[in-house]
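Trainee: Provided herewith is a single structure, encoded as structure tokens, for subsequent inquiry.
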Amino acid sequence: MTPLPSEVDVVVIGAGSAGIAAGRRLAAAAGISFVVLEARERAGGRTWTIEKNDYPLDLGGEWLHSADRNVLSKIAQEHGFALYHRRPDWTTRLSNRGASLAEQEDWIGARRAYQAARHRAASEAEDRACSTALPPGGRWNTLLNAISTWGNAVELDQISVKDNDRYEDSGVNWRVCRGYGTFLATLAAPLPVAYGAPVSRIDHRGRDIVIDCARGRVQAHKVIITVPTNVLASEAVEFDPLLPAKLDAANGLPLGLANKLFLSFTGRMDDLDPEGDIFLVGSTTRLQTMNYQARPFGRPIIQCFFGGEFAAGLERDGGLPAMAAFASDELAALRGNAIRRELTPLAASSWRADPFACGSYSYARPGHADDRAVLAAPVDDRLFFAGEATSLNFFSTVHGAYETGLRAAAQALKIPGR
Ligand SMILES: Cc1cc2nc3c(=O)[nH]c(=O)nc-3n(C[C@H](O)[C@H](O)[C@H](O)COP(=O)(O)OP(=O)(O)OC[C@H]3O[C@@H](n4cnc5c(N)ncnc54)[C@H](O)[C@@H]3O)c2cc1C
């Protein structure tokens, strides 16, 4: 167990992807003393792998998005983590749920048209909600909105079109065979992380910054803050003096909700693909629906993914049994009733109730696209902010968070201390 030092050069708050990146960068710099204060008893934050039936399950971050540009792809391989390169067809293959080729083409055309309309809207002077880029009465609007609850963790009428358009996606998506969370935990292992140390107060009135956490008090010259925006907005971490601009920015960049449910699956779906890794959309006409991945990596599992208000209701009112009942009904409607006997609930996430996340990933409210830069800006050259919400182009991702941790550590190192 890392003891709590009384004084260091730099305190990093949070051992998620951003905090781990900052810690690794500081560790590589000669002669810098630092500690990472982490509220939980584990590293990784919203990237967390658990094991069930001997299989690793990523309850949070899973995909190396933009894998060909993703800073973590190379680091994973350097650390001996095998990557799985099979390309996902998340929502492009509606034929998996019985749609005709013509319908599928119509859907793909509608999606392309929406993306172009969103891009045009983003170039206008005034920011507005993504939903305004939907064609009125469009046949596929509900599916586009459901996809938003998975990709953005919130419905389209809540999201800034300018921010959404700034997200960069190379379209290449890989996975870590042993789990993204396992990989991040491996990166964190050599770092001086003090676990079980939720920070409650950052007093930056004096020459030294005084940080209070559940395990005691630490003084530092600089602090890197990586906690999620919903934690900042809840004022669970008190700043003295207050930082109203940061609070406003955190409120403009809330975390939406996306959750996962894992079912063990003794069936096969060989008619769709004997190799597994089959993506199924529950419904194209209901917003209350899940996205399924059957036999990921060929493993006997179905992974269910769902977001937005629908996910919030299931998490709040029913938890795992309600999630599993919904998924079984939807899968039975798609594949026939016999599938019910082939499914057993294994695990589910509940990111909204998690006190150190309070949600899944950030989106910008309409009119708040520039809040990411506001949140990212250092204060007095000694408080530095990182975390996925401070990424201007890779927000809501593990690699985006990692890059912001590197940025914050470089800022902290470049500026001379007292
Ligand atoms: C269901 C789900 C699926 C996802 N899928 C993907 C995906 O496939 N690919 C992808 O790239 N991204 C995905 N993401 C998003 C990705 O997981 C996050 O964007 C990323 O992990 C955020 O990293 P972070 O360092 O910014 O924040 P976090 O991981 O939240 O790290 C912040 C850390 O701060 C700690 N903390 C909080 N409060 C305090 C406090 N008061 N004191 C001390 N410590 C504190 C937390 O415990 C946490 O460890 C997914 C997320 C979820 C929830």
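Trainee: Just name the residue that is most open to solvent (accessible area, probe 1.4 Å) out of those in region 132-155 that are closer than 20 Å to Met290 by Cα and of a type in the set (Ser, Thr, Tyr).
Mentor: Within region 132-155, the first condition is being closer than 20 Å to Met290 by Cα, and the residues that meet it are 139-155.
Okay, now just the ones that are also of a type in the set (Ser, Thr, Tyr), so 142, 148-149.
Details: Thr142: 49, Ser148: 5, Thr149: 2 Å².
Out of the qualifying residues, it is Thr142.
Trainee: Going through Gly44, Gly61 one at a time, which residue ends up being closer than 30 Å to Gln219 by Cα and surrounded by 15 or more Cβ atoms within 10 Å (Cβ to Cβ)?
Mentor: Unique residue meeting the criteria: Gly44.
Trainee: Mind telling me which of the residues Leu72, Leu37 ends up being open to solvent by less than 20 Å² (accessible area, probe 1.4 Å) and more than 24 Å from Phe279 (Cβ to Cβ)?
Mentor: Testing whether each residue is open to solvent by less than 20 Å² (accessible area, probe 1.4 Å) and more than 24 Å from Phe279 (Cβ to Cβ) leaves just Leu37.
Trainee: Which of the residues that make up region 223-258 are closer than 12 Å to Ser200 by Cα and either polar (S, T, N, Q) or touching an Asp or Glu at 6+ places or on another chain (Cβ under 6 Å) (or both)?
Mentor: Passing the criteria: Ser234, Asp240.
Trainee: Just for region 238-253: of the residues that are touching a Lys or Arg at 6+ places or on another chain (Cβ under 7 Å) and either within 29 Å of Trp351 (Cβ to Cβ) or part of a loop (DSSP other than H, G, I, E, B) (or both), which one is most open to solvent (accessible area, probe 1.4 Å)?
Mentor: That would be Glu238.
Trainee: Still on this model: Looking at (1) part of a strand (DSSP E or B); (2) within 16 Å of the ligand (Cβ to nearest atom); (3) open to solvent by less than 20 Å² (accessible area, probe 1.4 Å); (4) of a type outside the set (Gly, Ala, Ser), which is the one condition that is false for Arg217?
Mentor: Against the list (1) part of a strand (DSSP E or B); (2) within 16 Å of the ligand (Cβ to nearest atom); (3) open to solvent by less than 20 Å² (accessible area, probe 1.4 Å); (4) of a type outside the set (Gly, Ala, Ser), Arg217 comes up short only on (3).
Trainee: Identify the residue in region 159-190 that is within 11 Å of the ligand (Cβ to nearest atom) and assigned to a strand (DSSP E or B) and, among all such residues, is most open to solvent (accessible area, probe 1.4 Å).
Mentor: Trp174
Trainee: Here is a list: Val193, Val199, Val223, Val227. Which entry is within 16 Å of the ligand (Cβ to nearest atom), in contact with a Cys (Cβ under 6 Å, 6 or more places away or on another chain) and closer than 15 Å to Gly19 by Cβ?
Mentor: Just a single option satisfies the conditions, and that option is Val199.
The values are calculated or read from the model by the stated rules, or taken from the named source; none is laboratory data. Computed from a prediction, not measured in an experiment: that's the story for all the values here. With ideal geometry, Cβ positions are generated from the backbone for all residues, glycine too; neighbour counts draw on all protein chains shown. The accessibility values were calculated without ligands, DNA or RNA, using every heavy atom of the protein model including side chains. Shrake-Rupley method; radii C 1.70, N 1.55, O 1.52, S 1.80 Å.
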